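Worksheet: one structure, shown below.
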Amino acid sequence: MSELNWKKSSRSMAGDNNCVEVSPNSAFVKVRDSKNPMAGGLNFTESGWKSFVSAIKRGGFGGTSNRS
C-alpha cells in the first residue's frame, strides 16, 4: 500500500497517534491506521465511503454529532 498517496485526517493533532490515513487514488477509498500502516486497512467504494462519513457526522457508531 505504500505506493498510494496517503492523507492524514485533518482532525489529527501533531503528535497524536489516534488518527487514520485515507487514499482515494484508486478504484476504492482506502483507509489505514497511521500508527501501523503496514497492517493493512479497509477498502470502501466511493458511495460506501460517503455513507460512512455521513453516518459519523450524524453521530452514528456510538459517537457524538460532529457537523463541520
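How many residues does region 16-41 contain that are at pLDDT below 80 and open to solvent by less than 80 Å² (accessible area, probe 1.4 Å)?
2
Give the number of residues within region 42-68 that are outside any helix (DSSP H, G or I) and modelled with pLDDT of 90 or more.
The qualifying residues number 4.
Only residues that are in a loop (DSSP other than H, G, I, E, B), over 13 Å from S9 (Cβ atoms) and within 13 Å of the chain's Cα centre (by Cα): list them for region 26-39, please.
Correct list: F28 only.
In region 5-15, how many residues are in a loop (DSSP other than H, G, I, E, B), modelled with pLDDT of 85 or more and surrounded by 11 or more Cβ atoms within 10 Å (Cβ to Cβ)?
Residues flagged as in a loop (DSSP other than H, G, I, E, B), modelled with pLDDT of 85 or more and surrounded by 11 or more Cβ atoms within 10 Å (Cβ to Cβ) within region 5-15 amount to 1.
Just the residues that are in contact with a Lys or Arg (Cβ under 6 Å, 6 or more places away or on another chain) and within 15 Å of K7 (Cβ to Cβ), please, taken from region 35-51.
G41
The values are calculated or read from the model by the stated rules, or taken from the named source; none is laboratory data. In this text the structure is predicted, and so the values were computed from the model without any measurement. Glycine gets a Cβ as well: all are built from the backbone with ideal geometry, and neighbour counts include every protein chain shown. SASA here: full protein model, heavy atoms, side chains in, ligands and nucleic acids out. Shrake-Rupley method; radii C 1.70, N 1.55, O 1.52, S 1.80 Å.
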